[in-house]
Amino acid sequence: MKRRDFLAATLAGLALGERAFARGTSAYERLLVLVELKGGNDGLNTVVPYADPAYNALRPRLALRRDEVLQLDERTGLHPALKPLLGAWQARELAIVQGVGYPAPNLSHFRSIEIWDTASRSDETLAEGWLARAFAAQPVPASFAADGVVVGGNDLGPVAGGATRAIALSDPEQFQRQARLARPAGKGSNAALQHIFKVEADILQAAANLGSGVTLRTEFPRGAFGNAVRVAAQLGANPAGVAAIRLSLGGFDTHQNQPAQHQRLLDELAAGLAALREALVEAGRWDSALILTYAEFGRRPQENNSMGTDHGTAAAHFVLGGRVKGGLYGAPPNFNDLDGGNLRYAVDFRSLYATALERWWGLPSARILGGRFVPLELIRV
């Protein structure tokens, strides 16, 4: 990779601002990990209302039966592929929030994920991600390697915009090798050149900090998501400090032949999250880590004619961590009160964000989220 290409790629994912206080006094010592389920996960076949006859009637071919699911209680179970998460559930370190969505839902992939990433209303467009606004309101210590790291791809999502120090990378070692292409020198004669020199200097600083990680014994799954989990674990264990990490698992747009595809995706998700938990426990970070899943939307309750499901609305999501109060939250799906054939939401997704901001980081959330959203009581003090 040429120097100018590396800088161009990094400039797309690294905007740097001045920071006013030293590490050791910050709520960002607590790590936030976001796991995006790209394409819109089928929440109903992930957290399964197996005892509801309406669920079975709407999905005569796709419904999971009582003897197939991992039963959580007398009416709710997990897809059998999620068995690796039972350890966290039994340890009361896994919270399942049912019915997560938002008012006036948009069923476009691009627009709906934009709403989730920016924490906007469905009728407004915001330029900055919700984490970028959080970091602007309460800066991350300058001594941290980065404010946020997006593992895989250049879409910064919730850390996009503003003066956020957000790095997009696939592998810390590769980033360090490429960072040698950055050679800050002198002061530019104009603002754009000064910015490039500043970015180059901070690339070198981030690379140097990311090089001070620890070796983990945990075995990670193979494949792209397993590698992303490995990178996230290395970053979480790194003493240099990162406030937030976002990683993604794609392929959840299951319009056709859903059963095998969904099984494979949930296999990957569960194995990855279980490995991340093991690695963070090994690194002594489990009690200071919070993991949230999210997706642009769920799937329609009624199966389609192609053994799949189409774009829907509300869905269940997972919250994991050593300080999580495990259990079921939100409300189970109500098939007797559908909105145009789709589920009505029970928990606004911004309440999940308010939980992370207020209960995890101790930050006021109303200004960041554009309104007051009640946090969920699922984190132990």
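So here's what we get for this one:
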quantity	calculated
Rounded if a/c under 1.5, otherwise prolate or oblate - region 234-381, Cα gyration tensor axes	oblate
Linear extension gain, Leu328 paired with Asp67, 0.36 nm per residue minus alpha-carbon span	91.9 nm
Probe 1.4 Å, all protein chains present, accessible-area order of Arg372, Arg277, Arg121, largest first	Arg372, Arg121, Arg277
For region 246-287: rounded, prolate or oblate by the Cα gyration tensor [a/c cutoff 1.5]	prolate
Region 39-118 shape via C-alpha gyration tensor axes, a/c threshold 1.5	oblate
Span from the region 96-116 Cα centroid across to the region 32-55 one, whole angstrom	13 Å
Accessible area of His109 in the full protein assembly, 1.4 Å probe (Å², nearest 10)	50 Å²
Leading residue at positive end of dipole, region 76-152 (Cβ point charges), from Gly99, Val150, Ser122	Gly99
Built amide H within the under 5 Å cut-off of Val150, gap 5+	Ile167, Ala168, Leu169, Arg246
Compactness index (Cα Rg / 2.2 N^0.38 Å), region 295-369	1.35
Rough spin-label spacing in nm, given labels placed 7 Å along Cα→Cβ, for Asp287 and Arg380	0.9 nm
Potential lengthening between Ser306 and Asp339 on full extension [0.36 nm per residue; Cα-Cα distance subtracted]	9.6 nm
Charged-residue dipole, Cβ positions (Lys, Arg, Asp, Glu), region 241-381 about Cα centre, Debye nearest 20	500 debye
Extension gain (nm, one decimal) between Ala127 and Ala104, 0.36 nm per residue minus Cα-Cα	6.3 nm
Length-normalised contact order for region 28-121 - Cα pairs under 8 Å, 6+ apart - percent	21 percent
Average accessible surface area per residue within region 278-381, 1.4 Å rolling probe, Å²	39 Å²
Residues with amide H under 5 Å from that of Gly77, placed H, sequence gap 5 or more	Val48, Tyr50, Leu72
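The values are calculated or read from the model by the stated rules, or taken from the named source; none is laboratory data. What you are looking at is a predicted structure, and each value in this text was computed from that prediction instead of being measured. No Cβ is skipped: glycine too gets one built from the backbone with ideal geometry, and neighbour counts run over all protein chains shown. These accessible areas exclude ligands, DNA and RNA; they are computed on the full protein's heavy atoms, side chains included. Shrake-Rupley method; radii C 1.70, N 1.55, O 1.52, S 1.80 Å.
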